[in-house]
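Contents: one structure, followed by commentary.
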Amino acid sequence: MAKDKITGLVLSAKLLEWTTLQLKGRASAIAANSIPVEPVVVADKDDIVPESVVTVASQISKECNKFKSNMIVPGLPTDQLLLRVVELPEVNDSELAGIVELQADKFSPFPVENMVVGYEVLSRNKEHATCHVLVAAISKDKADTFDKTFKDAGVTVERLDAAIMGWYRLLQNSGKIESVGRQIFLFLDYGAPELIVVQDGIPVIFRAFSGLDGLEGDVLYEEIALELEHTFISLEMGDETEVDSSICIWFSGEEPHSLVKSLKEKCGCDVRVLALNLLGTASEGIAQREKKSDVKLLDLTSSVWREKERSALFRKRMIFSAVMVLLLWLGTVGALFGIIAYHNFQLGSLNSELENWKTSSMKVRSMRRRVFMIERYQDQKTSSLECLRAISMVQPSGVDLVVYDYKKGKRVKISGQAVNVEAVYQFKNALDANELFENSDLIGPRRDSKKRKEIFDIILALPEVVE
C-alpha cells in the first residue's frame with residue numbers, strides 16, 4: 001500500500017532528529033523532533049562496538065513508534081562517508097554506475113569490494129555532454145551497522161542518504177545558491193562541522209571535518225579555519241581565473257565570533273553568519289529530497305541488506321499469498337459445505353412437509369372412501385334389483401337364467417341356457433342396448449348335448465364410479 005508520509009531522519013554522534021512531511025500537498029513539516037542519543041561507538045576508527053548499536057537501536061525504537069509506518073529515509077553522518085564531486089561524460093545509468101565505481105576505487109583508501117558505493121547526478125551540461133556527479137562511499141561494515149541499527153529498532157528504511165545532502169536541499173529551496181561565483185557554506189551543528197562548496201551554481205565539494213572530537217571554543221574554530229584555508233587554496237589553484245568567493249556560516253548555539261575573524265584574516269573574503277533555525281534541519285532537507293525529486297537519489301544501502309529485504313519481502317508475499325489461497329480454499333470448501341447443508345436442510349424441510357401432507361391426504365382419502373362407500377350403497381340406480389329388473393325386461397323367451405352374480409359398482413354376471421344360439425345373441429344385443437350397462441362380454445354359447453341346450457355366460461360391466 002502506498003505511503004502518504006515521508007520521514008527524514010538524521011543520526012549524528014549525539015543527536016537523533018527527524019522531520020515528517022506529507023508526500024502530497026504542501027511541503028511544510030507536520031512533525032519534527034529530536035532526542036539526545038548515545039553515540040555508536042567506533043573503536044580504532046574501524047570497528048563499531050556492537051553494544052552501542054543495541055543502545056541506539058533501543059532509543060530509536062522507543063522514540064520513533066509514531067512514524068515507523070511512514071516512508072523513512074535516514075541521512076548518514078557525513079564524517080562517516082567518503083564524498084567526491086567528479087565531472088563525467090554523459091552516459092546512460094547502467095554505464096554511469098560502472099564509471100562511478102571506478103572513480104570510487106581511485107579516491108577510496110579501501111578496496112572497492114569492501115565499500116558500498118552510491119552516486120547522484122547533481123547537474124548536466126548538454127552542450128558539452130558532461131555531468132557533475134556526487135560519488136559517495138562507506139565501508140560495508142559501517143553501512144551494515146547502520147542498517148542493523150535501524151532494523152533492530154523496527155524501522156524499515158527506503159534508502160540510506162547522506163545528512164549533508166539535507167543541508168544542500170535546504171539551500172536550494174531557500175534560494176541561497178547563486179549561479180555565479182564561489183560560495184562556501186559551513187554548518188556548525190551538533191555533529192562534525194560540514195562543508196559545501198558551490199561554484200557557479202554547481203556543488204564541487206561535500207565534506208565533514210573529522211578528527212576534531214574533544215575540541216571546543218577557539219581551539220576548535222582555529223582548526224576549522226585552517227581546514228577552510230587549505231580548501232580555499234586548493235580551489236584557487238584549480239581555477240584559471242579569479243573567482244569572487246563568499247563564506248556563509250550556519251550555526252546553532254553561540255555565534256562563532258572568533259571563527260569569523262579568523263576566516264576573514266586567512267581567506268580574505270566576505271563572511272556572513274546565520275542561525276541554523278532560519279534554514280531548518282538536515283532531517284527536513286532529507287525528507288524534502290524524497291518529496292520533490294525527479295532524479296535518482298543517493299542510496300548507500302548495502303546490497304547484502306537490500307537482498308535480505310527483498311528475500312524478507314518475498315517471504316512475506318509468499319506467506320501472504322499462501323494464507324490468501326488457504327483462506328480462499330477454506331472459504332470455497334466452507335461455502336460448498338454450507339450450500340450442501342442448506343440444500344439438505346431444505347430437503348429435510350420438504351420431506352417433513354411432504355410427510356405432513358401425506359398424513360393429511362391419507363386422512364382425506366380415508367374420509368372420501370367412506371363417503372364414497374356410503375354414497376355407493378345409497379345409490380339405487382345400479383342396485384342389484386335394478387340390474388335384475390333390466391335383465392328380466394329384455395330376457396327373450398326360450399332363455400333361462402341359472403346364475404345371477406352381482407358385485408356392487410363393478411359388474412353383473414349371469415349364466416343361463418337357451419334353446420338355440422339365436423336366442424342367446426338376441427339376449428346379448430338387447431343387453432348391449434340398455435344404458436344401465438357399460439358393455440357386455442359373452443362367453444359361449446356352447447352346446448350341452450345332454451340337455452340339448454346352449455349354455456352361455458354374460459358379464460355386464462356397470463358404470464365406473466370415480467372416487
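The values are calculated or read from the model by the stated rules, or taken from the named source; none is laboratory data. In this text the structure is predicted, and so the values were computed from the model without any measurement. Note that each Cβ is placed from the backbone with ideal geometry, even for glycine, and that neighbours are counted across all protein chains shown.
If you filter region 132-179 down to residues that are surrounded by fewer than 22 Cβ atoms within 10 Å (Cβ to Cβ) and acidic (Asp, Glu), you find that the one that is nearest to the chain's Cα centre (by Cα) is Glu158. Of all residues in region 199-240, those satisfying the criterion of being assigned to a strand (DSSP E or B) and either modelled with pLDDT under 85 or closer than 21 Å to Val10 by Cβ (or both) are Pro203, Ile205, Phe206, Arg207, Ala208.
If I ask for residues that are over 22 Å from Leu82 (Cα atoms), at pLDDT 90 or above and touching a strand residue (DSSP E or B) at 6+ places or on another chain (Cβ under 6 Å), which ones from region 149-179 would you list? Hit for region 149-179 is Ile177, nothing else. Cβ contacts < 8 Å: first residue more than 19 Å from Lys142 (Cβ to Cβ), restricted to region 111-128; second residue surrounded by 14 or more Cβ atoms within 10 Å (Cβ to Cβ) and of a type in the set (S, T, N, Q), any location; separation 6+ or different chain. Result? Every condition considered, the pairs that remain are Arg124/Thr130. Summed over region 391-415, the residues that are surrounded by fewer than 15 Cβ atoms within 10 Å (Cβ to Cβ) and in a helix (DSSP H, G or I) give a count of 2.
Just to be sure before I move on: is Gly444 part of a strand (DSSP E or B) and on the phi > 0 side of the Ramachandran plot in the structure I sent? In short, yes.
Please verify whether Lys381 is modelled with pLDDT of 85 or more and out of contact with any helix residue (DSSP H, G or I) (no Cβ under 7 Å at 6 or more places or on another chain), treating the condition exactly as stated. Considered against the rule, which asks whether it is modelled with pLDDT of 85 or more and out of contact with any helix residue (DSSP H, G or I) (no Cβ under 7 Å at 6 or more places or on another chain), Lys381 comes out as no. Looking only at residues of region 241-294 that are within 22 Å of Asp200 (Cα to Cα) and hydroxyl-bearing (Ser, Thr, Tyr), we find that the one that is surrounded by the fewest Cβ atoms within 10 Å (Cβ to Cβ) is Thr241. Just a yes or no: is a residue in region 308-330 part of a helix (DSSP H, G or I), modelled with pLDDT under 85 and of a type in the set (A, V, I, L, M)? Looking for residues that are part of a helix (DSSP H, G or I), modelled with pLDDT under 85 and of a type in the set (A, V, I, L, M), one finds at least one in region 308-330, hence yes.
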